[in-house]
Amino acid sequence: MSTLQTLLETLEQDDSLRRPEQLRQRIEVLDRIETYLIHGQHQEGEDSALHRRAQAMCADLEATNRELYQSIRRKIQQGSGAGTLFEWVNAWSDAARPLDQLNGIGYDFLDVLVSGVLQFEEPGDRVTELTPDMLFYQPTPARDIFDFISRAKLGEKDVVIDLGSGLGHVSLLTAICTRTRCIGIELEAAYADCANKSAQSLNLHNATFIAQDVRSADFSSGTVFYLYTPFSGAILRHVLDMLKLEAANREIRLCTLGPCTPVIAQEGWLKAVDTPDIDRVAIFHSV
Ligand SMILES: C[S@@+](CC[C@H](N)C(=O)[O-])C[C@H]1O[C@@H](n2cnc3c(N)ncnc32)[C@H](O)[C@@H]1O
């Protein structure tokens, strides 16, 4: 009997996988079956019936996942999504280790859950050219966003501005989990458009996205500025000078992740809340 057949027989007899809370196990099983199907890790002579059985099993597990995502979306639409999302974060804190590594940044099961819940439409091809100082799009891993939300002490009067917001993960999750107003500024209009559609479909009135170069944006309403290393060099310098001007009028906070953190830590007008750690969101106050 082939390995795929043995796996399917075990799964077909195991009803526990259909329980909504078994999402992590379903993701792992889907991954294993898809590895067999895509990379052809099956034995010669396996018939197409076995493959149809495997595809049916995948469709069944994916349907269970979709039902779960829909139930979380309904809670968010009714304004009670924060508790549910944090239950998943807490339940999975032991499993929050990267599934794979990409430039030192790893994504885990929480990212699968978040993308199922936020349900972005596929954006069209990028049309805006990135100059050498601008970084390509990569979302903040979900576990870092929840860590940011837990540690940033956001209040109702705060306004979070995500500089280079991409598809909007940071602002959308922050808007779901807090009453804080969140604004994303993103150069690529197709990304900002997807983020606005996701906010509308989730009834989030405290998240908006603006298609703009941050260098020409209005920062006057912001109290917390989030940067997941969206740019470096001269653009980062320009934006830090803009933020320093804002800080002359009121206290602001900068929350940073990735290689921009050690650069920003050098700014004399900022003080770190804790010793900055490149693997975690760092929080700075203006002084
Ligand atoms: C590393 S991604 C971060 C995405 C998002 N902040 C997150 O954490 O999930 C950087 C984003 O910054 C955008 N970006 C780069 N330069 C920009 C600029 N000058 N103005 C606005 N957005 C910019 C890129 O298009 C990209 O989507």
Practice problem: Determine the calculated [θ] at 222 nm for the chain from helices alone, applying -39500 (n - 2.57) to every DSSP H run no shorter than 4 residues and normalising by the residue count; nearest 500 deg cm²/dmol. | Solution: -14500 deg cm²/dmol
Quiz item: Carbon and sulfur together cover what percent of the accessible area of the chain at a 1.4 Å probe radius?
Solution: 49
Quiz item: What's the center-to-center distance, using Cα atoms, between the stretch 151-190 and the stretch 199-234 in Å?
Solution: 7
Self-check item: Filtered chymotrypsin sites (Phe, Trp or Tyr not before Pro), the stretch 100-196: DSSP coil and at most 10 other beta carbons within 10 Å
Solution: 136
Exercise. Using only protein heavy atoms and a 1.4 Å probe, report how much of residue 3 is accessible, in Å² to the nearest 10.
Key: 80
Exercise. With label points built 7 Å along Cα→Cβ from the Cα atoms of residue 213 and residue 17, find their separation and express it in nm.
Key: 5.1
Quiz item: Can you give the angle from 0 to 90° between the axis of helix 3-12 and the longest principal axis of the chain, with both taken from C-alpha atoms, to the nearest 10?
Solution: 80
Practice problem: Give, rounded to the nearest 20 debye, the magnitude of the charge dipole that the chain has about its Cα centre when Lys and Arg contribute +1 at Cβ and Asp and Glu contribute -1 at Cβ. | Solution: 1120
Quiz prompt | Candidates 198, 171, 48, ranked by Gaussian network fluctuation over the chain, Cα under 10 Å, top entry | solution = 48
Quiz item: Given the pairs 75/244; 157/244; 75/157; 75/153, which are separated by over 28 angstrom at their Cα positions?
Solution: 75/244
Quiz item: Among the DSSP beta bridges whose two residues both lie in the stretch 52-196, what percent are antiparallel, rounded to the nearest 5?
Solution: 40
Quiz item: Ignoring ligands and nucleic acids, what accessible area does residue 61 show with a 1.4 Å probe (Å², nearest 10)?
Solution: 0
Self-check item: Beta bridges by DSSP in the chain, antiparallel share as percent, to the nearest 5
Solution: 40
Quiz item: Out of residues 5 or more away from residue 226 or on other chains, whose amide H comes under 5 Å of its own, with H placed 1.01 Å from N in the peptide plane?
Solution: 161, 162, 163, 255
Practice problem: Run the 1.4 Å probe and let me know the accessible area of residue 280, rounded to the nearest 10 Å². | Solution: 100
Quiz item: How much accessible area per residue does the chain have, in Å², with a 1.4 Å probe?
Solution: 50
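The values are calculated or read from the model by the stated rules, or taken from the named source; none is laboratory data. A quick note: this is a predicted structure, and the numbers were derived from the prediction, not measured. Cβ: placed from backbone, ideal geometry, glycine included. Neighbour counts: every protein chain shown. Surface accessibility is based on the protein's heavy atoms, side chains included, excluding ligands, DNA and RNA. Shrake-Rupley method; radii C 1.70, N 1.55, O 1.52, S 1.80 Å.
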